[in-house]
């Protein structure tokens, strides 16, 4: 009877330790998940800002190309100096 009590006591200790370990793992995982979400949001914001800057730069290049085209500068020279494609320049008014 005493050995059964010891067995039950040890089983309870192990069950408690298992549950505590599980809870710690869940909390750690949730923390890591939240950190990963924050990092992803930061990276997304940086990518959006970079895209915005690229769009602004592209717009400025188009404006420059349009001005040069209005001065009858050769399209090949505009392509060389702006990096725009011939098709983009030809579409400009």
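Among the residues examined, residue 51 does not qualify as at pLDDT below 95, assigned to a helix (DSSP H, G or I) and either at positive phi or surrounded by 10 or more Cβ atoms within 10 Å (Cβ to Cβ) (or both). The set of residues from segment 66-82 being out of contact with any helix residue (DSSP H, G or I) (no Cβ under 7 Å at 6 or more places or on another chain) and surrounded by 10 or more Cβ atoms within 10 Å (Cβ to Cβ) comprises 66, 67, 70, 73, 74, 76, 77, 80, 81.
Only one entry in 45, 38 is modelled with pLDDT of 90 or more, part of a helix (DSSP H, G or I) and closer than 30 Å to residue 84 by Cβ, namely 45. Criterion applied to 63, 57, 88 was being within 32 Å of the chain's Cα centre (by Cα) and either surrounded by fewer than 10 Cβ atoms within 10 Å (Cβ to Cβ) or in contact (Cβ under 8 Å) with a residue 24 or more places away in the chain (or both), and the one residue passing it is 88.
Whether a residue is under 19 Å from the mean Cα position of the chain (by Cα) and surrounded by 10 or more Cβ atoms within 10 Å (Cβ to Cβ) was assessed, and residue 35 passes this test.
The values are calculated or read from the model by the stated rules, or taken from the named source; none is laboratory data. All figures in this text were calculated on a predicted structure; none of them were measured in a lab. FYI the Cβ positions are ideal-geometry reconstructions off the backbone, even for glycines, and counts take in every protein chain you see.
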